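Have a look at the structure below before the remarks.
The values are calculated or read from the model by the stated rules, or taken from the named source; none is laboratory data. Because the structure is a prediction, the values reported are computed rather than measured. Here the Cβ is made from the backbone with ideal geometry for all residues, glycine too, and neighbour counts use every protein chain on show.
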Amino acid sequence: MKERGKKLYLVFLIVASMMVLMTSIAFAQEITSISIASCGTGGGYYVYAGGLAELISNHVPNVRATAEVTGCSVANVRLVAEKEAEIGFLMGDVAWESFNGQRRFEGEKLDNIRGIFAMYPDWWTWITLEDKPIQGLSDMVGKKVSSGSPGSGVEYMFNNLVTALGHNLKDFQISRLSFADQVNALKDGVIDVGSWSTAMHTSSIIDLGTTHSIRIIPLTEAEIEKVTSMYPFYFRGEIPAGVYPGVEEAIPTVFTPNMAIVNKDMPEDLVYEIVKAIFENIDDLRKVHPCAVDTTLENAPNVPLPLHPGAIKYYKERGVLK
């Protein structure tokens, strides 16, 4: 009986040890889910987020990332600040003002967000149909204009621009539509002008330009000077000819940089592994979104926010930060 008891005890020890080992392996392989807050499906953010999610899922062990449809920049900064999303995309203006609690974020200082990398420029793009008698901002007064979806960075930039140029929302018949809805509204004659702040080669604009003759409404040099003088996060630039169907001249406008953020409480090692995976496999992202050509290691730290320590660690290793 004693011998049998010893054998049973040994079996118990072996089984218990195996259970502990299996539990440890399961714990080590536990999948971390990451939500990437992007924008509507017709914008550049969503396509970029899809490519980034696939890159992270493929190259960061035990992490699965998904791209989420959201209300864009303003919604995204709040989602990350409130830990309802792990990564968020937003424009530089929204990033700067939310972190500093200024203008639209007065009384709502979201200083628990951190930058992880700069993405690409976001170009201001007002679009009308070619048969509309709208050549500039002054022609838009009194017209049916979409200012972008509610709470989006597009709507935010729209308000900034028209304010800098001496107008307010009462000067227009305002609708607040997503990119996809703007395309349909322009096609159906429901609105006269749609507003985009997005990467070049945006699918929703290409879709509209493929079926209809479009005009991108330029900003004058005087208008650009007023906007860039008032806001430190907008810069002069041009949308080159040929980017969109039927638009054969370069269009002067303004842009703001796009960036990716996380909450300051995200683990340093996780952020480090994510940033490392991105810049060691950046060609994967460039195959998905052409604007990722501007997502470079050299430009990555250039964001209007403090960087997360995990990102700082990687950039220092690569020599782009001291």
Go through (1) outside any helix (DSSP H, G or I); (2) under 21 Å from Ala49 (Cα atoms); (3) at pLDDT 95 or above; (4) not β-branched (Val, Ile, Thr) for Leu270 and report which single condition fails.
(1)
Would you check if Pro245 is of a type outside the set (Ser, Thr, Tyr), at pLDDT below 95 and over 23 Å from Ile36 (Cβ atoms)?
no
Within the range 149-159, can one find any residue that is among the aliphatic types (A, V, I, L, M) and either modelled with pLDDT of 95 or more or surrounded by fewer than 22 Cβ atoms within 10 Å (Cβ to Cβ) (or both)?
no
Filter the range 148-159 down to the residues that are over 25 Å from Glu249 (Cβ atoms) and in a loop (DSSP other than H, G, I, E, B) and list them by number.
Ser149, Pro150, Gly151, Ser152
Number of the condition not met by Ile87 [criteria: (1) at positive phi; (2) touching a strand residue (DSSP E or B) at 6+ places or on another chain (Cβ under 7 Å)]:
(1)
Condition check for Gly42: in a loop (DSSP other than H, G, I, E, B) and not polar (S, T, N, Q):
yes
Could you tell me which residue of the range 115-140 is farthest from Ser98 (Cα to Cα), considering only residues that are hydroxyl-bearing (Ser, Thr, Tyr) and in contact (Cβ under 8 Å) with a residue 60 or more places away in the chain?
Thr128
For the range 177-197, state whether one or more residues are within 22 Å of Asp294 (Cβ to Cβ) and of a type in the set (D, E, K, R).
no
Tell me, which strands (runs of 3 or more DSSP E) wholly within the range 46-143 include 1 or more residues that are outside the structural domain of Lys313 (by TED's automatic domain parsing), surrounded by 23 or more Cβ atoms within 10 Å (Cβ to Cβ) and at pLDDT 95 or above?
113-129
Out of all the residues in the range 191-222, which are in contact with a helix residue (DSSP H, G or I) (Cβ under 7 Å, 6 or more places away or on another chain) and of a type in the set (D, E, K, R)?
Asp207
How do the pairs read when you match residues in the range 287-316 that are not assigned by TED's automatic domain parsing to the domain that holds Glu97 with residues anywhere that are at pLDDT below 90 and among the β-branched types (Val, Ile, Thr), using Cβ under 7 Å and keeping only pairs 6 or more apart or on different chains?
none
